[in-house]
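Derivation of every value follows stated rules applied to the coordinates shown; laboratory data play no part. Worth saying up front: this structure is predicted, and the values here are computed from it rather than measured.
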Amino acid sequence: MTNGWSDLFLGVIAVATLVMALIQVGAIIAALRLARQAQQVIQSVQQDVRPLIARANAMADEASRTIALATAQAQKVDRLVTDLSRRVDETAGVLQEAIITPAREGLAIVAALKAGLGALRGLRELRPAPGRQAEDEDPLFIG
């Protein structure tokens with residue numbers, strides 16, 4: 001009977017090993033199917049993402065070109081403003097030399113003429129009139 005029990009246990013062990021092998025084969029097949037599905041999902045995502053990446057690269061290139069153009073335009077505007085400022089300063093200097101300086105000189109001449117006329121009037125007022133000389137001297141005479 002030991003032989004009977006041993007055969008029975010040996011049979012149970014064989015059946016258990018067979019079941020475990022079948023479970024492992026099933027698990028391997030399920031893992032392979034899962035890996036294929038994951039690979040298909042990854043390929044689908046890559047196909048969907050490629051155009052987005054291409055668009056993002058195109059947008060980045062366009063933004064880079066736009067920034068370069070904007071920088072060039074800003075530099076042109078800066079040069080124009082600098083040139084305009086310099087020319088305004090030069091024009092102001094020319095106007096001052098051509099108009100303001102002679103005007104000041106003209107005003108100085110007019111002021112000199114006014115002062116000269118004022119001095120002549122002052123001398124006339126100081127000098128006695130010919131008919132008033134005696135009258136003016138009498139009240140001042142002490143004697």
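Couple of notes before you dig in:
- Test: residue in segment 4-24 that is part of a helix (DSSP H, G or I) and either within 60 Å of the chain's Cα centre (by Cα) or charged (D, E, K, R) (or both): yes
- Of all residues in segment 87-102, those satisfying the criterion of being among the charged types (D, E, K, R) and within 31 Å of the chain's Cα centre (by Cα) are R87, D89, E90.
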